Structures are given as structure tokens and as C-alpha cells.
Amino acid sequence: MTNTALGGTQGGRLPQIFALCGKSINVNIQAIMHCLVIDVRFRHLMGVKKPFTEVIKANIGDCHAMGQKPITFIRQVLSLVAYPKLLDDPGFPEDAKQRAKVILEGCRGGSVGSYTDSPGIEVIRRHVAEYITKRDGIPADWQNIVIGNGASDAIKNVLKLLICTVNGKKPGVMVPIPQYPLYSASLAEFDMHQIGYYLDESRNWGLDIAELQRAIDEAKQVSAPRALVVINPGNPTGQVLSKQNIEDIIKFAHKEKLFIFADEVYQHNIYAEGSQFFSFKKVLTEMGPPYSLMELASFMSCSKGYMGECGLRGGYAEVINMDPNVKAMYLKAISAMLCSTVVGQACLDVIMNPPTPGEPSYELFIKEKTEVLDSLKLRAKMVADTFNSIEGFSCNPVQGAMYAFPQLKLPEKAVQAAEKAGKAADAFYAFELLEATGHLYCTWFRFRTETWNFPFPYNDITTNRQIENDVR
């Protein structure tokens, strides 16, 4: 083939012809707005001399990347399932070996390198159901458990079921603002309408039923509301819902005929005195009919809690009260993706089935788990107190999860400079902060023009002194 056949040359080189370009890719992918878009700016810093020695990536909660130590028992079991010859090694405790054997017996060919049933390995799904039953005091059916590549994968698998126009209108999904951008990004990708309901910062990011009603009433003009997403404990806002608040939310969802998505991945991370985690499944069931008959999908992950195993990609959905025909379609759709990562499933199994009193690994496991959670509790208070001591900042107490969500009153000069640069004030400030200090924060979905709220992941700092220095 000659150069001419390709349309000529450019500087002596063959022109590159792309099947995909910016104008020809899926418009829904182009519409995705994720806070990590600021990473584009981060790449420009590489190789350029700056007035700092390292970039502190505080735009995502990645525990192990910033120094949190893995839980020994989890890694022991994962080592054993990945390399079964270690089962003969006397250096591994017997309870770790026993769990590894059970997992391997559930794998085809006794190997985590094989495909599993699409919803996950049966014994692990049973262990998830046992965990939920113990947590809630309410029986859980293992056949309602579907394991995914993290909670994000599990959430998107259920969300896809709602992609259907109703009376000519796009399906709408109610999501909190502020929220973890998984939802806004996924709704953009699926061409679904985002119905934002605003959390009240003045009431410690409280969820008000009147605000839910306002949001859905407005959305009905342009969409068909299908589902309500609730993140509890809140990400990135750190609030923990009371039982009464959950009951009110359930009643609202029932009145509006909404499918409830309960994002509960931070259920182990409760810090504030008087705060307590209540699962939506428990509250909904205890309310009795008609509420106990409502459709609900609850999600949990290996990535947060005391584990922080973000990269292993393990999580589950418990889906209850789903129409049997819809459930069959749900499982069929999942089967097209074969199965979630088996090592991630194994990690989930250890979290669901940890060492118990009397087993050889119990004391070390409890010690490590307690140290992580106590440290996070201490840091949650330290971060909020430090922000509140700095002029221009305010921060609500952190009740749970892994983030503080402070507010910065942007200096007038910064707002003016942003306008001159043709940028949103919060994005401008975040970029300048990165350039000057090496601190990488994401811009967030704005609901003010004169302030900037941003998530501060205190799990990503290895020492308490570093927390204070990083905040300041």
C-alpha cells in the first residue's frame, strides 16, 4: 500500500487513521463528569520541576496506596488459595487453611483461576447471607446474593435494569448531592436522568424528606423517576442516618413507587457517639407490610471498612423482593460477563467469615481490626477540628465513612482570577492548589458559587502529624 493510497504523508510519516475520534465516540461516554477528571492536570506535572517533592493524591480513598497495612488473616487466606501448596506450610494458621480449603472446594478444578457461577461461588454467597443474618437478626437468602467486582460493579448491574423509557420519558434516578461520582457517571453512561436531591450542610448533611419531594416533583416534568439512591454512611459527607430517618425515606420511596439502592459500603466505619448503623433491609423488614415487600438492593464492599482492599475488587448486592421474571433477566445479564474476579470473591469470603473466639488467628485479627478503626475514629475528629481552626474553613463533625467534607470560603481574589481565566472558581482553586503545593483534590458538584466543598480522605494519611500538616 502506498502513501498516496492512505491520503498522502505528513512530514514524511503515514497519517494515522482512527476508527474512533472525539466526534464519533458514544455521546454518553463524553457526557461523563467525574471528579477524577482533575487527574488530567496531574499528568501535566510529571517531569516538571515544582515547589514540592511529592504529590499527595487526596482525591480518592485508596487505603493501602497510602500506607494502611493489610489485615494479616485476609492476606494469609488469599495466599493459600492462590498457591495451594502453601497448605502444607506449618507457618500458616489452621483456621486460615480451613477457610482456604472451603473456598478451593467451591472452585471448579480446585483453582481460583477457573470461572465460577456468574453470581459467585455458592459457599461464599452462603457466607454473605450468614453475615447479613447475624448483622440484622433477620434471615437472608443466599440466592438473593450476587457478587461483583466491587460494589461499583454490583450497583451498575442493578442500575442497568432500569434503562427503559416510560411514557416517552427517560428513566430518572434520585441521587444525593454531594455524592460519590459513580452514580452521576453511570447515569450519564446509561443516558438516564439524574435527579439530584441536596443534603443539608447546616444540619450535618441531613437528608430531608421535603427536599426529596421537591426533587422528584421537578423531575417528573422531564423524566420517569424509577429509583432512589441512599448512601449510608455518607460518601463524601460522613453522616450516619438515624433509624427514624431511614423509616421516613422508605415511606417516601413506597409512596413514589421507587426501587431503593442502599449503598452501605462504609457500614463498619461509625465513629460519632450516639451514631449507629442500621441497614435498610433491617429497617424495611421490621416495618412490616407494605414496606417489607418493597424492592431493595443493598451493597457492600471489600474496599472500605477496616479492610481497605480496594484493588482486589470484591463486593456484593443483596436484592430482595424483586419480581421473579425480572430477577431471571438480571441473572441472565450478569452471566454475559461470566463472573467476578475469584480472588476478590475469596477476599469477600474472609470478611464475611472472619476468625471467631478460640481460633488461632482471632486475637491478632481483632487487634489489627480495632487498631484501624480506632485510628480512623481519631483522625475523623482531628481533621474536623483542624479545619475548623483555620480561617475561611468550616467542617461538620464526621460521624462515619472515611471522609471529611469541609467548606472553604473562596477568597474574592480567587473568584475574580477564576472568572478572568474562564474557569469555575472551585476548579481554578483546586488546580492552583495542586500546582503550588502538590495536594491533589477533586472539584465537586457545585451548589454554590462562592465556596468550595471537597472530600478529605483522612484514611490516606499515615500519621496524625501528617494529617495536621496536610490540612494546613
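The values are calculated or read from the model by the stated rules, or taken from the named source; none is laboratory data. What you are looking at is a predicted structure, and each value in this text was computed from that prediction instead of being measured. All Cβ positions, even for glycine, are placed from backbone atoms using ideal geometry, and neighbour counts span all protein chains on display. Just so you know, the surface numbers come from the protein's heavy atoms only, side chains and all, with ligands and any DNA or RNA stripped out. Shrake-Rupley method; radii C 1.70, N 1.55, O 1.52, S 1.80 Å.
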Exercise for the section: Filter the range 365-381 down to residues that are open to solvent by 50 Å² or more (accessible area, probe 1.4 Å) and within 25 Å of Tyr429 (Cα to Cα), then give me how many there are. Expected result: 0
Fill in the blank from the handout: The condition of being of a type in the set (Asp, Glu) and in contact with a strand residue (DSSP E or B) (Cβ under 6 Å, 6 or more places away or on another chain) holds, among Glu359, Glu391, Glu318, only for Glu318
Completion exercise
Scanning the range 92-137 residue by residue, the ones that are surrounded by fewer than 19 Cβ atoms within 10 Å (Cβ to Cβ), of a type in the set (Val, Ile, Thr), touching a helix residue (DSSP H, G or I) at 6+ places or on another chain (Cβ under 9 Å) and under 21 Å from Ala154 (Cα atoms) total 1
Completion exercise
For the range 389-414, the count of residues that are without any contact (Cβ under 8 Å) to a residue 12 or more places away in the chain and surrounded by 14 or more Cβ atoms within 10 Å (Cβ to Cβ) equals 0
Problem - Number of the condition not met by Ile250 [criteria: (1) more than 20 Å from Ile60 (Cβ to Cβ); (2) open to solvent by 10 Å² or more (accessible area, probe 1.4 Å); (3) not polar (S, T, N, Q)] - result: (2)
Exercise for the section: Check whether at least one residue in the range 33-56 is open to solvent by less than 70 Å² (accessible area, probe 1.4 Å), among the aromatic types (Phe, Trp, Tyr), modelled with pLDDT of 95 or more and within 30 Å of the chain's Cα centre (by Cα), and report yes or no. Expected result: no
Fill in the blank from the handout: Sole miss for Ile60 among (1) among the hydrophobic types (A, V, I, L, M, F, W, C); (2) open to solvent by 70 Å² or more (accessible area, probe 1.4 Å); (3) out of contact with any strand residue (DSSP E or B) (no Cβ under 8 Å at 6 or more places or on another chain) is condition (3)
Handout entry: Residues of the range 320-347 that turn out to be aliphatic (A, V, I, L, M) and buried (at least 22 other Cβ atoms within 10 Å of the Cβ), as a count
Key = 3
Practice task
Go through the residues of the range 135-146 one by one and say whether even a single one is under 18 Å from Ile74 (Cα atoms) and not hydroxyl-bearing (Ser, Thr, Tyr).
Solution key: no
Practice task
Scan the range 81-121 for residues that are in contact (Cβ under 8 Å) with a residue 60 or more places away in the chain and either within 22 Å of Leu338 (Cβ to Cβ) or in a loop (DSSP other than H, G, I, E, B) (or both) and report the count.
Solution key: 15
Handout entry: Complete set of residues in the range 278-295 that are open to solvent by less than 50 Å² (accessible area, probe 1.4 Å) and in contact with a His (Cβ under 8 Å, 6 or more places away or on another chain)
Key = Met294
Practice task
Looking for whichever is buried (at least 20 other Cβ atoms within 10 Å of the Cβ) and basic (Lys, Arg) here; the options are Arg226, Arg214, Arg203. Which one fits?
Solution key: Arg226
Practice task
Within the range 279-302, identify whether any single residue is modelled with pLDDT of 95 or more, at positive phi and not acidic (Asp, Glu), and answer yes or no.
Solution key: yes
Problem - Search result, residues across the range 415-430 that are in contact with a Phe, Trp or Tyr (Cβ under 8 Å, 6 or more places away or on another chain), part of a helix (DSSP H, G or I) and open to solvent by 20 Å² or more (accessible area, probe 1.4 Å) - result: Ala417, Ala421, Tyr429
